[in-house]
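Here the structure comes first, spelled out in structure tokens, and everything after it is commentary.
The values are calculated or read from the model by the stated rules, or taken from the named source; none is laboratory data. What you see is a predicted model, and the numbers here were worked out from it, not measured in a lab. Cβ sites come from the backbone with ideal geometry, for glycine too, and all protein chains shown count toward neighbours. Protein only, heavy atoms only, side chains kept; ligands, DNA and RNA dropped before computing areas. Shrake-Rupley method; radii C 1.70, N 1.55, O 1.52, S 1.80 Å.
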Amino acid sequence: MREVSWNDYYSMHYVGMPDYCGQAEAVCYTVTVPEKRRYLQSIVWQDLKSGKKRTVSAGGSTETFARFSPESKSSRIILAFLSDADGTSQIYRYVCADEDWEESCEKLTDIPGGVREFVWSPDGKKIAFLAGSGEKQGEGRTPFDPIVIEDYGYRSDEAMGFADRKKDASQLWMLTLEDKKAVRLTEGDRDYVMPAWMPDSGALLITSNQNRPRQQSIGMDLYRISADSGELEQLTKDMWIAWYPKSFPPLVSSDGTFAVIGAFDPSALSRGNLVIHLYRLDLAEGAIHDLWPEDAPCHEATCFLYNGENYGGFGSCAALGKKDSAVYFISGWHAEAGIYEADVNRPCIVKSDLADGFLTKGTFRYLGTPQDGKLLAARGDFSETAQLYLLSEEKKAPVKVTDTDAWMRDTVHSIPEELWISTLDGNGRVQGFVMEPHHREEGKKYPAVLYIHGGPTPFYGYALTYEFQYLAAAGIGVIFCNPRGSSGYGEEHGSMAYAYDGTAMYDLLQFVDEAVRTYSWIDGDRLGVTGGSYGGYMTNWLVSHTKRFKAAVTQRSIGNELIQYASSDMAGSSGEYGDFTDFMKAEIRKSPVAYADRIDIPFLILHSTGDMRCPVEQAHQLYVAVKDTHPDLPVRLVLFPDSNHELTMTGAMELRVAHYGEMVGWFEKYL
């Protein structure tokens, strides 16, 4: 077996955005392949009987979101998909039919700014899609025009600066396939998202925050909208439909009498908890029934997995099953992203047996709608990227559909070992993992790095993080865990207050100490620490408040909370303080940069110039403060151009590899 190489990242074939057609016995999915400065996305449809594959293309470089028409069958495959063949993302229809499998592809839309997503009507005669207003935005403007700001939301991490004036709010459109005409059904400056058809193809459910103040940017309500007239009827008001940070599209029953929704209580925001639970909405009477029992075997109806190689996303994480009597959904619990089953008629949730055939613990990333007792799912673990599997409601063994990264089995990998600790305060337990260096020799000591996840809400799970393998290849162990503030362990463990009041810090330090005691190969005098976003904040805090580590790398971090308050695309608020001066003082006290004089170990700062989530000024202030107070200390600032907060997840691979190389090289040099 060969050692891992930086070029391995260019061999990745990420699977995403899948769909399954039972009556055609076929699947389709996107395959994403990295190049240095872009990602190429292509669509594959695969015959499950023969295993044969075909590439579907309109000639674009970004082609994704393929969906089978309800009229597809084994002798006639009909797909709609998104392609940038003409410059912007538009809907195309692909047909493969007859004995000779003749193929045709036609463009269905030409919307300025492009189409963002779509959904077929149940009768296959219409396509509802999301796009901008259809009016050209920013026309006549020049780069020299003044930028006028009168409300929040004017910064955007996606745009790497000011919110894109050429991208307007997401509106619902209707495309009739008979005449190929597209009509916009909604308007305004607020997004409409997560369209879901009613079974009669006459109306949809749609989610929007059109009736809420901008400060409630994640406060979404559910509406019913006519597919013909666009008439809107608001269905919910006192709860917030789950959209950000994890979406839960409404699930409509086959008879149209009810929908299952994922939502959370906005009052939980004051406690720092966004816990999504399941509810059944009776569409005739409007009654809402809570489906979440107190003894549920998981904590919430979503999954905030932090790690796991992927690009482009997967789509749905929930589906109605068992003839609409149950809801299957993915939830994070104890580092697994497992499948759970909720009764739609009463508060009852159990761990589903759909995944019983897997031999390793893993993380599900996608869950499709069951068809004839079968459903498509995406799942990964510590040894491979997420791949597609066909699961059975009849307790049959899962069938693997894709194997796009089989080459990984020929490379050296370390598989993390699970470790639990009981916290010093006696109020909790922390789960984590320790990964040994490649080719470890018995009796020899090795350095190790504590890698802190971002969020702080997400959790580390049983999923492949190839970045860790480079540390292991360099002879460095990796320690990673889910301190309090992480999701997947219950409401108390997940309280965001713990992430900042010192509780998480002590959990991390205790976990490191226990790892050193448990694994004799770890050299307790050669420990490093790193992390990104919240993990970067905690890296800064740890090295300015403890002497446990010998070197540090902080990534896309927070150094000054006042920068977050005023300059992040997620602007803060002083509302909890009666006096603004008290607020300013409190924010400085919580800011690692205020303790920069205490950072006395080799310190590397990695940041993207276009980061608007944790603006790059964080890096500048931190670098100057540490350099000023320690002129002779090895301090290095590396900035990555044309990239944002998502650099290490979705940024240009050339920059990602450079970023990983800086981190690994720093620890090689100073540990």
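Condition test on SER316, is it closer than 29 Å to GLY373 by Cα and among the hydroxyl-bearing types (Ser, Thr, Tyr)? Break it down into steps so the answer makes sense when it comes.
Details: closer than 29 Å to GLY373 by Cα: yes; among the hydroxyl-bearing types (Ser, Thr, Tyr): yes.
In short, yes.
How do the pairs read when you match residues in the stretch 192-203 that are on the phi < 0 side of the Ramachandran plot with residues anywhere that are open to solvent by 20 Å² or more (accessible area, probe 1.4 Å) and among the polar types (S, T, N, Q), using Cβ under 6 Å and keeping only pairs 6 or more apart or on different chains?
As it stands, the answer is PRO199/SER254; ALA203/SER226, since those pairs meet every condition given.
What is the number of the single condition among (1) over 21 Å from GLY332 (Cβ atoms); (2) modelled with pLDDT of 95 or more; (3) open to solvent by less than 30 Å² (accessible area, probe 1.4 Å) that GLY262 does not meet?
(1)
List the number of the failed condition for VAL412; all other conditions in (1) among the aliphatic types (A, V, I, L, M); (2) open to solvent by less than 50 Å² (accessible area, probe 1.4 Å); (3) under 25 Å from the mean Cα position of the chain (by Cα) hold.
(3)
Strands (runs of 3 or more DSSP E) wholly in the stretch 298-373 with at least 3 residues that are within 17 Å of GLY488 (Cβ to Cβ) - which ones?
On the way: elements: 318-321, 326-333, 336-343, 349-351, 363-367.
It comes to 326-333, 336-343, 363-367.
When you check LEU419 against the structure, is it touching a Pro at 6+ places or on another chain (Cβ under 8 Å) and assigned to a strand (DSSP E or B), yes or no? Steps first, please.
Values: touching a Pro at 6+ places or on another chain (Cβ under 8 Å): no; assigned to a strand (DSSP E or B): yes.
In short, no.
Can you tell me which residue in the stretch 34-57 is least open to solvent (accessible area, probe 1.4 Å), limited to those that are closer than 18 Å to GLY22 by Cβ and polar (S, T, N, Q)?
Top of the filtered list is GLN46.
Taking the residues in the stretch 397-408 that are in contact (Cβ under 8 Å) with a residue 12 or more places away in the chain and part of a helix (DSSP H, G or I) as candidates, determine which candidate is surrounded by the most Cβ atoms within 10 Å (Cβ to Cβ).
Looking at the filtered set, the residue picked out is MET408.
Identify, by number, the condition in (1) open to solvent by less than 50 Å² (accessible area, probe 1.4 Å); (2) at pLDDT below 95; (3) not in a loop (DSSP other than H, G, I, E, B) that ARG212 doesn't meet.
(3)
Could you list all residues from the stretch 374-392 that are under 20 Å from PHE68 (Cβ atoms) and part of a loop (DSSP other than H, G, I, E, B)?
none
Restricting to the stretch 90-111, what's the tally of residues that are of a type in the set (A, V, I, L, M, F, W, C), in contact with a Ser or Thr (Cβ under 9 Å, 6 or more places away or on another chain) and buried (at least 16 other Cβ atoms within 10 Å of the Cβ)? Can you show your working first?
Going through the stretch 90-111, the residues of a type in the set (A, V, I, L, M, F, W, C) turn out to be 91, 95-97, 101, 105, 108, 111.
Restricting the remaining residues to those that are in contact with a Ser or Thr (Cβ under 9 Å, 6 or more places away or on another chain) gives 91, 95-97, 105, 111.
Checking which are buried (at least 16 other Cβ atoms within 10 Å of the Cβ) leaves us with 91, 95-96, 105, 111.
Final tally of qualifying residues: 5.
In the stretch 648-671, what residues are within 28 Å of the chain's Cα centre (by Cα), aliphatic (A, V, I, L, M) and either modelled with pLDDT of 95 or more or assigned to a strand (DSSP E or B) (or both)?
ALA652, MET653, LEU655, VAL657, ALA658, MET663, VAL664
Can you name the residue in the stretch 374-406 that is over 22 Å from GLY488 (Cβ atoms) and among the β-branched types (Val, Ile, Thr) and, of all such residues, is farthest from the chain's Cα centre (by Cα)?
Once the filter is applied, the top-ranked residue is VAL399.
For the stretch 217-239: of the residues being open to solvent by 20 Å² or more (accessible area, probe 1.4 Å) and within 21 Å of the chain's Cα centre (by Cα), which is modelled with the highest pLDDT? Can you show your working first?
Kept after step one, since they are open to solvent by 20 Å² or more (accessible area, probe 1.4 Å), are these residues of the stretch 217-239: 217-218, 224, 226, 228-229, 231-235, 237-239.
Those left that are additionally within 21 Å of the chain's Cα centre (by Cα): 217-218.
Working: SER217: 75, ILE218: 81.
Filtering first and then ranking leaves ILE218.
Within the bounds of the stretch 58-67, is there any residue that is open to solvent by 40 Å² or more (accessible area, probe 1.4 Å), over 27 Å from LYS374 (Cα atoms) and either touching a Cys at 6+ places or on another chain (Cβ under 9 Å) or aromatic (Phe, Trp, Tyr) (or both)?
Looking through the stretch 58-67, at least one residue is open to solvent by 40 Å² or more (accessible area, probe 1.4 Å), over 27 Å from LYS374 (Cα atoms) and either touching a Cys at 6+ places or on another chain (Cβ under 9 Å) or aromatic (Phe, Trp, Tyr) (or both).
Can you work out which of the residues in the stretch 335-371 that are within 18 Å of the chain's Cα centre (by Cα) and either of a type outside the set (A, V, I, L, M) or open to solvent by 10 Å² or more (accessible area, probe 1.4 Å) (or both) is nearest to CYS481 (Cα to Cα)?
The initial filter retains those residues of the stretch 335-371 that are within 18 Å of the chain's Cα centre (by Cα), namely 335-339, 362-368.
Still in the running and either of a type outside the set (A, V, I, L, M) or open to solvent by 10 Å² or more (accessible area, probe 1.4 Å) (or both): 336, 338, 362-366, 368.
Values: GLU336: 13, GLY338: 18, GLY362: 16, THR363: 16, PHE364: 19, ARG365: 20, TYR366: 24, GLY368: 30 Å.
Applying the filter and picking the extreme gives GLU336.
For the stretch 617-645, what are the residues that are in a helix (DSSP H, G or I), touching a residue at least 60 places away in the same chain (Cβ under 8 Å) and of a type in the set (S, T, N, Q)?
To start, the set of residues in the stretch 617-645 that are in a helix (DSSP H, G or I) comprises 617-629.
Still in the list and also touching a residue at least 60 places away in the same chain (Cβ under 8 Å): 618-619, 621-622, 625.
Answer for the stretch 617-645, where residues must be in a helix (DSSP H, G or I), touching a residue at least 60 places away in the same chain (Cβ under 8 Å) and of a type in the set (S, T, N, Q): GLN618, GLN621.
Pairs, please: C-beta under 7 Å, at least 6 apart or cross-chain, first residue open to solvent by 30 Å² or more (accessible area, probe 1.4 Å) and in a strand (DSSP E or B) and in the stretch 275-288, second at pLDDT 95 or above and of a type in the set (Val, Ile, Thr)?
TYR279/ILE261; TYR279/ILE288; ARG280/VAL260; ARG280/VAL344
Answer yes or no: is there a residue in the stretch 435-445 that is within 29 Å of GLU384 (Cβ to Cβ) and of a type in the set (Gly, Ala, Ser).
No; the residues of the stretch 435-445 include none that is within 29 Å of GLU384 (Cβ to Cβ) and of a type in the set (Gly, Ala, Ser).
Which one of the conditions (1) part of a helix (DSSP H, G or I); (2) surrounded by 23 or more Cβ atoms within 10 Å (Cβ to Cβ) does ALA566 fail to meet, given that it meets all the rest?
Unmet for ALA566, out of (1) part of a helix (DSSP H, G or I); (2) surrounded by 23 or more Cβ atoms within 10 Å (Cβ to Cβ): (2).
Would you mention how many residues in the stretch 422-450 are of a type outside the set (Asp, Glu) and in a loop (DSSP other than H, G, I, E, B)?
Adding up the residues that qualify gives 12.
I'd like to verify a number: residues in the stretch 57-84 that are in a loop (DSSP other than H, G, I, E, B) and within 31 Å of the chain's Cα centre (by Cα), how many? Steps first, answer last, please.
Residues of the stretch 57-84 in a loop (DSSP other than H, G, I, E, B): 57-61, 69-72, 74-75, 84.
Imposing the further condition that a residue be within 31 Å of the chain's Cα centre (by Cα) reduces the set to 57-61, 69-70, 72, 84.
Summing the residues that are in a loop (DSSP other than H, G, I, E, B) and within 31 Å of the chain's Cα centre (by Cα) in the stretch 57-84 gives 9.
Open to solvent by 50 Å² or more (accessible area, probe 1.4 Å) and in contact with a helix residue (DSSP H, G or I) (Cβ under 6 Å, 6 or more places away or on another chain) - does that describe any residue in the stretch 5-15?
Yes, the stretch 5-15 contains at least one residue that is open to solvent by 50 Å² or more (accessible area, probe 1.4 Å) and in contact with a helix residue (DSSP H, G or I) (Cβ under 6 Å, 6 or more places away or on another chain).
Find the residue count for the stretch 6-52, including only residues that are in contact (Cβ under 8 Å) with a residue 60 or more places away in the chain and of a type outside the set (Val, Ile, Thr). Talk me through it step by step, then tell me what you get.
Narrowing the stretch 6-52 to residues in contact (Cβ under 8 Å) with a residue 60 or more places away in the chain: 6, 8-23, 27, 29-32, 34-39, 41, 46, 48.
From what is left, the residues that are of a type outside the set (Val, Ile, Thr) are 6, 8-14, 16-23, 29, 34-39, 41, 46, 48.
Selection size over the stretch 6-52: 26.
Of these, GLY651, GLY665, which one is more than 21 Å from SER591 (Cβ to Cβ), of a type in the set (Gly, Ala, Ser), surrounded by fewer than 17 Cβ atoms within 10 Å (Cβ to Cβ) and out of contact with any strand residue (DSSP E or B) (no Cβ under 6 Å at 6 or more places or on another chain)? Steps first, please.
Numbers: GLY651 fails: surrounded by fewer than 17 Cβ atoms within 10 Å (Cβ to Cβ).
Exactly one of GLY651, GLY665 is more than 21 Å from SER591 (Cβ to Cβ), of a type in the set (Gly, Ala, Ser), surrounded by fewer than 17 Cβ atoms within 10 Å (Cβ to Cβ) and out of contact with any strand residue (DSSP E or B) (no Cβ under 6 Å at 6 or more places or on another chain), namely GLY665.
Looking only at the stretch 293-342, count how many residues are in contact with a Ser or Thr (Cβ under 7 Å, 6 or more places away or on another chain) and of a type in the set (D, E, K, R).
Count: 5.
Give GLY114, GLY87, GLY132 a once-over and let me know the one that is open to solvent by 10 Å² or more (accessible area, probe 1.4 Å) and either hydroxyl-bearing (Ser, Thr, Tyr) or under 30 Å from the mean Cα position of the chain (by Cα) (or both).
Values: GLY114 fails: open to solvent by 10 Å² or more (accessible area, probe 1.4 Å); GLY132 fails: open to solvent by 10 Å² or more (accessible area, probe 1.4 Å).
Just one listed residue meets the conditions, GLY87.
Answer yes if at least one residue in the stretch 293-309 is in contact with a helix residue (DSSP H, G or I) (Cβ under 6 Å, 6 or more places away or on another chain), at pLDDT below 95 and open to solvent by 10 Å² or more (accessible area, probe 1.4 Å), and no otherwise.
There is at least one residue in the stretch 293-309 that is in contact with a helix residue (DSSP H, G or I) (Cβ under 6 Å, 6 or more places away or on another chain), at pLDDT below 95 and open to solvent by 10 Å² or more (accessible area, probe 1.4 Å).
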